[in-house]
Amino acid sequence: MMRRRTTLLTGCTALVLALGATACGSGDPVSAGGGDKALSGQTVTVAGVWSGSEQKNFQKVLDAFTEKTGAKTQFVSTGDNVSTVVGSKIEGGNAPDVVMVPQVGVLKQFAEKGWLKPLEGKVKSTIGTNFAEVWQNYGSVDGTLYGLYFKAAHKSTVWYSPEAFEQAGVTPPKTYDAMLKNGRTISDSGLAAFSVAGQDGWTLTDWFENVYLSQAGPEKYDALAAHEIKWTDPTVVEALTTLGKLFKDKQLVAGGQKEALNTDFPGSVEKVFGPKAEAAMVYEGDFVAGVAKDQFGRTIGTDANFFPFPPVGDGKAPVVSGGDAAVVLKDGKNSDAGMALVEYLATPEAAAVWAEAGGFLSPNKELDLSSYGDDVTRATAESLVGAGDSVRFDMSDQAPAAFGGTKGVGEWKILQDFLRDPADPAKTAAALEDAAAKAYGN
């Protein structure tokens with residue numbers, strides 16, 4: 001697959017796209033242009049949850065946009081509570097131009113509040129060419145396209161230390177039960193099986209979603225995601241029971257439940273791939289590779305590798321995804337230039353910048369897979385893009401933010417409580433239903 005490059009625009013078309021004017025009868029939005037510095041003197045403010053290596057690598061993309069268009073950029077890290085932070089900025093008259101939204105539910109919330117500009121004209125056309133329908137659907141609300149999924153995640157990957165597996169005499173498992181059996185064998189050899197990032201509630205939702213999708217199946221998954229069935233459904237209790245057996249097994253969780261609740265996501269990766277290994281495996285998305293590589297110097301494919309999240313019981317192996325969507329705020333001081341940034345982010349050229357830096361997957365089907373720096377990431381990206389419309393989007397990301405995407409409340413908090421004490425799955429399911437009913441309004 002050849003990487004497509006944005007071609008130089010000349011004449012009237014370039015003028016229209018670069019300036020967002022109605023000259024020549026066009027109403028097309030601002031374009032990223034073709035390296036003609038058409039946006040010199042303008043600044044695009046971008047807000048997103050990223051920090052650390054993710055923010056650093058996204059800045060490389062923004063710098064490439066600046067090199068191409070002349071527009072300066074300013075990135076503001078919101079932390080996990082992107083909805084609250086952005087809402088406050090809008091109320092204060094200081095709205096960013098572009099927000100990288102990490103949850104489908106938040107995108108829907110922003111659209112329903114009337115905060116977003118629809119992606120139309122050239123931007124919509126570019127997205128239609130470069131992205132599968134499933135990603136366009138997740139970026140739309142009531143049939144109107146608002147979000148461009150720039151960064152995706154393959155959330156059905158379990159990362160492990162090949163050295164630890166070799167020392168314990170185990171190989172990557174093909175079933176969930178085999179994974180737990182391997183974990184106990186590893187534990188017997190002196191190293192904990194799993195490092196669990198219980199301090200970050202979103203990691204626990206990902207654990208649940210993979211177990212639930214495999215055990216209950218895609219139809220139930222879709223129904224629960226839309227709150228068309230209650231969280232007290234027997235399938236939810238069954239999945240929590242399955243997960244609880246892992247959480248309460250001190251052979252399987254590094255440091256037990258208490259230490260897991262004090263371990264954040266980067267810390268969970270460090271326990272496996274840091275200088276002093278404490279565990280052999282960490283479940284999370286493909287972005288684990290970026291942390292293992294950038295922070296701990298691991299070579300992906302050699303001393304850090306993954307296996308697909310294995311099927312639970314008689315179910316199929318799950319394929320859960322997530323992603324960050326670029327949206328343009330109406331109240332941004334430079335929203336036209338923000339639209340130009342979104343158009344640029346929709347190109348394989350922009351995706352290649354971060355792909356080459358590592359710790360990134362793109363749902364852009366036109367991105368040349370050779371842009372990825374290692375075979376493991378390349379295979380993961382190919383799997384995600386190749387799954388097409390069979391991928392199921394992260395369930396908590398589809399929920400209203402008050403339930404599925406806010407620190408200290410809703411699903412994040414309830415699953416942390418469940419990790420602390422997994423003795424009563426039915427009680428946890430009831431708590432989840434109470435919180436969901438309030439958030440969904442039904």
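Tabulated data
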| item | result |
| --- | --- |
| Estimated distance in nm for a label pair at S370 and D424, the labels positioned 7 Å out from Cα along Cα-to-Cβ | 6.0 |
| Antiparallel bridge percentage (DSSP; both residues within the chain; nearest 5) | 60 |
| If the convex hull is drawn through the Cα atoms of region 343-442, its volume per residue in Å³ | 165 |
| Packing-based ranking, highest mean first, of 233-243, 200-210 given that Cβ atoms within 10 Å are counted | 200-210, 233-243 |
| Cubic angstrom per residue, convex hull over Cα atoms of region 235-293 | 92 |
| Lys, Arg +1 and Asp, Glu -1 on Cβ, resulting dipole of region 189-288 about Cα centre, debye, nearest 20 | 480 |
| Mean ellipticity per residue at 222 nm, deg cm²/dmol - from DSSP H runs of n ≥ 4 across the chain, formula -39500 (n - 2.57) | -14000 deg cm²/dmol |
| Protection-proxy order for peptides 410-417, 424-431, 320-327, each taking the mean of Cβ atoms within 10 Å per residue, highest first | 320-327, 410-417, 424-431 |
| Greater than 21 Å apart at Cα, pairs in K108/K330; K248/K271; K60/K333; K245/K413; K89/K124 | K60/K333; K89/K124 |
| Cα-derived Rg to Rh of region 242-372, Kirkwood definition | 1.06 |
| Alpha-carbon Debye profile of the chain, log10 I(q)/I(0) at 0.08, 0.09, 0.14 Å⁻¹ | -0.45, -0.56, -1.29 |
| Region 262-330: mean projected area of Cα convex hull, nm² | 7.7 |
| Using alpha-carbon coordinates, inclination of helix 121-130 to the longest axis of the chain, degrees | 40 |
| Degrees separating the helix 348-357 axis from the principal Cα axis of the chain, which is the longest one | 40 |
| Using alpha-carbon coordinates, inclination of helix 201-216 to the longest axis of the chain, degrees | 70 |
| Protection-proxy order for peptides 45-51, 59-65, each taking the mean of Cβ atoms within 10 Å per residue, highest first | 45-51, 59-65 |
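The numbers here are math on the coordinates, done by the rules we state, and not lab data. Note that this is a predicted model, so its numbers are computed, not measured. For neighbour counting, all protein chains shown are included, and Cβ atoms are generated from backbone atoms with ideal geometry for every residue, glycine included.
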